[in-house]
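Colleague: Dropping a structure here in structure tokens format, bear with me for questions.
What follows is calculated from the coordinates using simple rules that are stated; it is not laboratory data. Keep in mind that what you see is a predicted model, and the values were worked out from it rather than measured. Cβ coordinates were reconstructed from backbone atoms using ideal geometry, including for glycine residues, and neighbour counts include every protein chain displayed.
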Amino acid sequence: MTLIGEDRPGLVELAASIVAEHGGNWLESRMARLGGQFAGVVRVEIPDSSEQALTLALKNLSSRGLIITVHTDRHAAPRQSAPLSLLEIVGQDRPGIVREITHALAGFGVNVEELQTECASAAMSGETLFKARAHLSIPDSCNAAELRNRLEKIAADLIVDITLEPLGANALTGQK
């Protein structure tokens, strides 16, 4: 499910209580406060017999300022998971950085598993720096050298620093 509401104490507890009341198990979530809003993605496990009642109860939270959209993954095909890589970007902020990078990644069939971005003031100059950190799933069919070359060209054009490194056990073996 996805949830969004004006940030205030107790939003997560509202959703967690409803899930627990319907016999659900909170499996994983990613949540954050952005621009005065609180947003998240949550994965829960629920008995089939409780799914409809839980969905209705969660949707009724809109009267308390929390908008929840429920998606079922019961029929989703299992995903093949490729090893993850870490992409980091740092440079002077300007429009189009995310678009250029994600366009290149999509062109190589790379899946963005997680993306965090922020703008912050540079320590010495006070200029606005753009920073991004992404976990990428790079398929075996991807030519890693061509992908790296494409990202380096974009980095030069946008005047940003980009690093791309394997995560986890791959970092030790040197594989992508």
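Colleague: Kindly indicate whether any position in region 105-128 is touching a Ser or Thr at 6+ places or on another chain (Cβ under 7 Å) and charged (D, E, K, R).
Modeller: Yes, some residue in region 105-128 is touching a Ser or Thr at 6+ places or on another chain (Cβ under 7 Å) and charged (D, E, K, R).
Colleague: Can you name the residue in region 1-37 that is polar (S, T, N, Q) and over 18 Å from the mean Cα position of the chain (by Cα) and, of all such residues, is surrounded by the most Cβ atoms within 10 Å (Cβ to Cβ)?
Modeller: Here the answer is 17.
Colleague: Taking interchain pairs and intrachain pairs at least six residues apart, which have beta carbon atoms under 6 angstrom, with the first residue in region 22-44 and free of Cβ contacts under 8 Å to residues at least 60 places away in the same chain and more than 13 Å from residue 4 (Cα to Cα) and the second surrounded by 13 or more Cβ atoms within 10 Å (Cβ to Cβ) and polar (S, T, N, Q)?
Modeller: Close Cβ pairs (under 6 Å, with a partner that is surrounded by 13 or more Cβ atoms within 10 Å (Cβ to Cβ) and polar (S, T, N, Q)) amount to 22/50; 23/50.
Colleague: Can you tell me which of (1) farther than 30 Å from residue 140 by Cα; (2) surrounded by 15 or more Cβ atoms within 10 Å (Cβ to Cβ); (3) among the polar types (S, T, N, Q); (4) in contact (Cβ under 8 Å) with a residue 24 or more places away in the chain is the one residue 55 doesn't meet?
Modeller: (4)
Colleague: Let me ask something else about it. How about region 103-119: which of its residues are more than 14 Å from residue 138 (Cβ to Cβ) and either of a type in the set (Phe, Trp, Tyr) or surrounded by 14 or more Cβ atoms within 10 Å (Cβ to Cβ) (or both)?
Modeller: Once the filter is applied, which keeps residues that are more than 14 Å from residue 138 (Cβ to Cβ) and either of a type in the set (Phe, Trp, Tyr) or surrounded by 14 or more Cβ atoms within 10 Å (Cβ to Cβ) (or both), region 103-119 yields only 115.
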